[in-house]
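To start, the structure under review is shown below, and the notes come after it.
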Amino acid sequence: MEIWTRRSEYVKTHSFCHEQWKWHELDFITENDELRKLTAGYNVPDLWLALAGYDEHNKLQMNRNAQQEDAIWGSLVYKLDPADRETQQIFHFFLSRDMLITGNRDFSSWADMAKEPMLRKMETTDTAIEGLMIIAGTLITGFLKQINALAMDIQDLRWDLKKSNGQDVLDRLTALRHQLLVIRNLTIPVKEIHMAITEIFEEQNQRKQFYEQAGVQLDRCHFLIQEYTKEVSAMVSSEEIMASVTGNEVVKTLTVITLLFTPITAWGAWWGMNFIHMPELNEKYGYLFSGLFIFSNIALLYIYIQRKGWLGDLLNGKKQR
């Protein structure tokens, strides 16, 4: 049964399973002295103790010795809006066999991190490791919800890409790829903590239901992210191919137009020379002759290009978009 006590304005202590393990919630900045007392004997570096409450990046350190004073500690970014880097939220933690310390964590800021359901789960556990895995499992559940939302966007975009392509579609693909990258980078530190627990706490009885459950959830996260990333990359490649084909068609069209108008340019330049003695200028039907001559050149040039197959489906192809 959980026992809850308030030790100060910033420190809350929860005891579980007849005080076999405890969860301390405190502010790593204002209650730094309390943090040092709780972690004494675990060889935690003074630098981390001094800066833990200020760290804004993922970090994981550990200590293992023969006296069974094994522990891991660090910081974890658990929430980040892909559109705004400044929205990231981070909490700091310390974990030993019988003690979990978390700091700078506001459980009211995220609906998926409701505190009461986590406490009820913790009442059924007898190790601090399971306590941290309950928190990790709640985080992973939030990641999975974000991935499911992205899956719907990917499905819509898959059919929009079939109908049309353009800068708008490419921008949406780029945004989806970025969101997948952000979620992936949120899950990697959680996976690292999960692996570190295996490395530090070798006893199988230290890793139970919620540890195994978190591992399965992480595998699911990584599988979905990997598959959706492949799908988005395939759509980006398809978009690039279509853009390349469209670009080639534009270049081919401009080339053909330029080539067909070459006789007009060439003969117009020839007869446009300002010499005094030019016999063609005095011919009665010179204008008609020059027009027929130029257009016959264009017709012969067009027939030559068509027989060479250089036009392809440029002039006869159906409109695709």
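The values are calculated or read from the model by the stated rules, or taken from the named source; none is laboratory data. Keep in mind that what you see is a predicted model, and the values were worked out from it rather than measured. A quick note on method: Cβ atoms are made from the backbone with ideal geometry, for glycine too, and the neighbour counts reach across all protein chains shown.
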Of residues in segment 63-76 being surrounded by fewer than 18 Cβ atoms within 10 Å (Cβ to Cβ) and of a type outside the set (Lys, Arg), the one nearest to ARG184 (Cα to Cα)
ASN63
With the condition kept exactly as written, say whether any residue in segment 271-281 is modelled with pLDDT of 80 or more, in a helix (DSSP H, G or I) and surrounded by 12 or more Cβ atoms within 10 Å (Cβ to Cβ).
no
Complete set of residues in segment 77-89 that are surrounded by 15 or more Cβ atoms within 10 Å (Cβ to Cβ) and hydroxyl-bearing (Ser, Thr, Tyr)
TYR78
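Could you say whether any residue in segment 252-267 is closer than 30 Å to ASP153 by Cβ and either out of contact with any Lys or Arg (no Cβ under 8 Å at 6 or more places or on another chain) or in a helix (DSSP H, G or I) (or both)? Before the answer, list the steps.
Of the residues in segment 252-267, the ones closer than 30 Å to ASP153 by Cβ are none.
Looking for residues that are closer than 30 Å to ASP153 by Cβ and either out of contact with any Lys or Arg (no Cβ under 8 Å at 6 or more places or on another chain) or in a helix (DSSP H, G or I) (or both), one finds none in segment 252-267, hence no.
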I'd like to know if segment 68-77 contains one or more residues that are over 35 Å from the mean Cα position of the chain (by Cα), modelled with pLDDT under 85 and not in a strand (DSSP E or B).
yes
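For segment 1-48: of the residues being outside any strand (DSSP E or B), of a type in the set (S, T, N, Q) and in contact with an Asp or Glu (Cβ under 9 Å, 6 or more places away or on another chain), which is modelled with the lowest pLDDT?
SER8
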With the condition kept exactly as written, say whether any residue in segment 224-245 is at pLDDT 85 or above, under 30 Å from MET99 (Cβ atoms), among the acidic types (Asp, Glu) and assigned by TED's automatic domain parsing to the domain that holds MET133.
no
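Matching residues to (1) closer than 30 Å to LYS121 by Cβ; (2) free of Cβ contacts under 8 Å to residues at least 12 places away in the same chain; (3) in contact with a His (Cβ under 9 Å, 6 or more places away or on another chain):
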position: ILE135; (1), (2), (3): yes, no, no
position: ILE140; (1), (2), (3): yes, no, no
position: ILE147; (1), (2), (3): yes, no, no
position: ASN165; (1), (2), (3): no, no, no
position: PRO189; (1), (2), (3): yes, no, no
position: ALA196; (1), (2), (3): yes, no, no
position: GLU199; (1), (2), (3): yes, no, no
position: LYS208; (1), (2), (3): yes, no, no
position: TYR211; (1), (2), (3): yes, no, yes
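I'd like the residue in segment 249-265 that is without any contact (Cβ under 8 Å) to a residue 60 or more places away in the chain and surrounded by 12 or more Cβ atoms within 10 Å (Cβ to Cβ) and, out of all such residues, is nearest to LEU311 (Cα to Cα). Walk me through how you get there before you give the answer.
Residues of segment 249-265 that are without any contact (Cβ under 8 Å) to a residue 60 or more places away in the chain, as a first pass: 250-251, 254-265.
Now narrow it down to the ones that are surrounded by 12 or more Cβ atoms within 10 Å (Cβ to Cβ): 255-256, 259-264.
Numbers: THR255: 10, VAL256: 8, LEU259: 12, LEU260: 12, PHE261: 15, THR262: 17, PRO263: 18, ILE264: 20 Å.
It comes out as VAL256.
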HIS194 fails exactly one of (1) within 13 Å of the chain's Cα centre (by Cα); (2) surrounded by 13 or more Cβ atoms within 10 Å (Cβ to Cβ); (3) at pLDDT 90 or above, namely (1)
